[in-house]
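Notes for the one structure printed next.
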Amino acid sequence: MTNPVIVETTRGGIVESRHRGAVAVTGPDGAVLKAVGDIDTPIFPRSAIKALQALPMVESGAAEAFGFADAEIALACASHNGEEAHVRTVRAMLRKIGLEEAALACGPQWPRDGCRLRCSGSEPGDVHNNCSGKHAGMLALARHTGVDPEGYWRMGHPVQRRVMATISEVCDHDLSAAPWGHDGCSLPNWAIPLRQLSRGFSRLATGLDMPRERARAAERIVSAVRAEPFMVAGTDRFCTRLMEAVPRAFVKVGAEGVYCACVPHAGIGIALKCDDGSRRAAEVAVASVLASLDVWTEEEHARLRELARVPIENFRGIRTGEIRPAAVLDEE
């Protein structure tokens, strides 16, 4: 099945680039409200599922036991810029669980704005990695449940087995035999169909069909992200900008053109992927899908529509075109 064009990039009044992809939107009862393209072939969700990966940390009681605040729980769901606030918060998480930075296994990464480190003559560490909050959360899970944190990132470690079982249950998709690969931060990432991902994010929004403690954990995660959207991404990042503009939405980017989202007050889950891996096309797509839902105030709807059409300017500030949803998504 060839996926339809879901986003277009224009220049000089014509379409310069077309981005094909697929979208699944699921309601609170588990029914698919909208399906565009192939939503049943498994895809790697990458960092778009960090909120699901964080569920065991909160559900187990680790977040409460270590006194994690909203900012720290949000950071466990983040692909952050490595700004000072992000790094400071990861270090605070590690202090609370009694581990050094060397325990992180995500790998060193230059922060989005590396000038701060370069000007001081410093080198980046694992703490600057955009996934360091997620890793700190998994270390907290290991310490709280009494397992050796060494090798926590490996596929067979008890932490990853628990994460895999949780995602399997939330998404109604058995991952034990699913294709998997190492993510950019070395953690396992399992291939999951968009249909199941959207169902999982609908459940994250509602807590329906979850055990009581897991439902409470889902509510806690959504609440923390809403309270601290900066921690999920950072300065001039789309996830943060959208959630600041429309606080009743939750969105999370993944590499290679993936986005997952949910609308807690409506119980709706969304999952999408651009076939060519375009991040900016995926941003326009998720904003457009959210805007198409009849669950917003007029002000919220206007903000989402604005985010769904991105003007392109050249280096002299001349508008050359725009990134916009294609007809298949641009529906009220």
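The values are calculated or read from the model by the stated rules, or taken from the named source; none is laboratory data. Note that the structure is a prediction, hence the values are computed from the model and not measured. Note that we place each Cβ from the backbone using ideal geometry, even for glycine, and neighbour counts take in every protein chain shown.
Filter region 91-116 down to residues that are modelled with pLDDT of 95 or more and in a helix (DSSP H, G or I), then give me how many there are.
Residues meeting the conditions: 10.
I'm checking my understanding of the structure. Among residues of region 79-117 that are small (Gly, Ala, Ser) and on the phi < 0 side of the Ramachandran plot, which one is surrounded by the most Cβ atoms within 10 Å (Cβ to Cβ)?
Only one residue fits best here, namely Ser79.
What are the residues in region 54-71 that are more than 14 Å from Arg216 (Cα to Cα) and either among the aliphatic types (A, V, I, L, M) or crowded, with 24+ Cβ neighbours inside 10 Å (or both), if any?
Ala65, Phe68, Ala69, Ala71
Kindly provide the set of residues from region 170-223 that are acidic (Asp, Glu) and either under 20 Å from Ala76 (Cα atoms) or touching a Lys or Arg at 6+ places or on another chain (Cβ under 8 Å) (or both), ordered by number.
Asp172, Asp183, Asp209, Glu213, Glu219
Could you pull out the residue among Ala177, Ala142 that is at pLDDT below 95 and out of contact with any strand residue (DSSP E or B) (no Cβ under 6 Å at 6 or more places or on another chain)?
Checking each option against the conditions leaves just Ala177.
Between Glu283, Glu299, which is at pLDDT 95 or above, surrounded by fewer than 18 Cβ atoms within 10 Å (Cβ to Cβ), assigned to a helix (DSSP H, G or I) and not β-branched (Val, Ile, Thr)?
Being at pLDDT 95 or above, surrounded by fewer than 18 Cβ atoms within 10 Å (Cβ to Cβ), assigned to a helix (DSSP H, G or I) and not β-branched (Val, Ile, Thr) holds for just one of Glu283, Glu299, which is Glu299.
Can you confirm whether Ile270 is within 18 Å of the chain's Cα centre (by Cα) and not in a helix (DSSP H, G or I)?
The answer is yes for Ile270.
Which members of region 38-75 meet the condition of being closer than 18 Å to Met210 by Cα and part of a loop (DSSP other than H, G, I, E, B)?
Selection gives Ser60, Gly61.
Pairs under 7 Å by beta carbon, first residue touching a residue at least 40 places away in the same chain (Cβ under 8 Å) and on the phi < 0 side of the Ramachandran plot in region 183-205, partner of a type in the set (Lys, Arg) and outside any helix (DSSP H, G or I), six or more apart or different chains?
Leu194/Lys273
Of the residues Glu256, Glu244, which single one is surrounded by fewer than 24 Cβ atoms within 10 Å (Cβ to Cβ) and more than 23 Å from Leu187 (Cα to Cα)?
Going through Glu256, Glu244 in turn, the sole match is Glu244.
Report yes if some residue within region 229-236 is acidic (Asp, Glu), in contact with a helix residue (DSSP H, G or I) (Cβ under 8 Å, 6 or more places away or on another chain) and within 30 Å of Ile14 (Cβ to Cβ); otherwise report no.
no
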